[in-house]
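Report on one structure; see the data block that follows.
Coordinate-derived values only; no laboratory data. This structure is a prediction, so every number in the text was calculated from the model and none was measured. Note that each Cβ is placed from the backbone with ideal geometry, even for glycine, and that neighbours are counted across all protein chains shown.
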Amino acid sequence: MSEFVYQRAVDALIKTYGEIADRDRIKVVQLFDLLLDRGHSIHVDDLRRICKNAGYSQETADEIGTLYDDLDLVRELKNPDTIDYWPPKRIDQIVNA
């Protein structure tokens with residue numbers, strides 16, 4: 001079911017933006033964030049395929065996939081059940097070095 005949701009989302013993006021420009025990246029991430037909030041996730045390779053089938057160039061499809069993948073990773077890392085790769089002590093060392 002999520003694949004159909006993402007097909008509609010990508011269709012809406014291409015009708016609105018055509019190619020993804022710098023300012024559009026925020027809107028793409030916001031859309032994916034809202035979809036993930038509602039429990040709709042997709043494998044990044046499937047999203048890239050959907051983007052390519054919708055008419056985006058391979059480069060843009062890859063970029064949209066990367067945006068989604070990065071967002072999904074950040075959301076996962078914010079989950080308290082995941083490993084904290086950057087504990088406060090380590091951040092203090094980086095900031096105060």
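Rounded to the nearest 0.05, what FRET efficiency do Thr66 and Leu36 have when you use their Cβ-Cβ distance and R0 = 22 Å? Calculated value: 0.90. Positive contributions from Lys and Arg (+1) and negative ones from Asp and Glu (-1), summed over other residues with Cβ under 13 Å from the Cβ of Ile50, come out at -1. A full extension of the chain between Glu3 and Asp24 corresponds to an added length of 5.4 nm, given 0.36 nm per residue minus the alpha carbon distance.
Starting from the Cα gyration tensor of segment 2-95, take the square roots of the eigenvalues, sort them a ≥ b ≥ c, and report rounded, prolate or oblate (rounded when a/c is under 1.5, otherwise prolate if a/b is larger than b/c, else oblate). Note, shape of segment 2-95 comes out prolate.
Considering only Gly65, Ile50, Gln30, and ranking their Cα positions along the charge dipole of the chain that arises from unit charges at the beta-carbon of Lys, Arg, Asp and Glu, the one farthest toward the positive end is Gln30. Taking amide hydrogens as placed 1.01 Å from N in the peptide plane, the amide H of Ile20 sits under 5 Å from that of no residue at least 5 positions away in sequence or on another chain.
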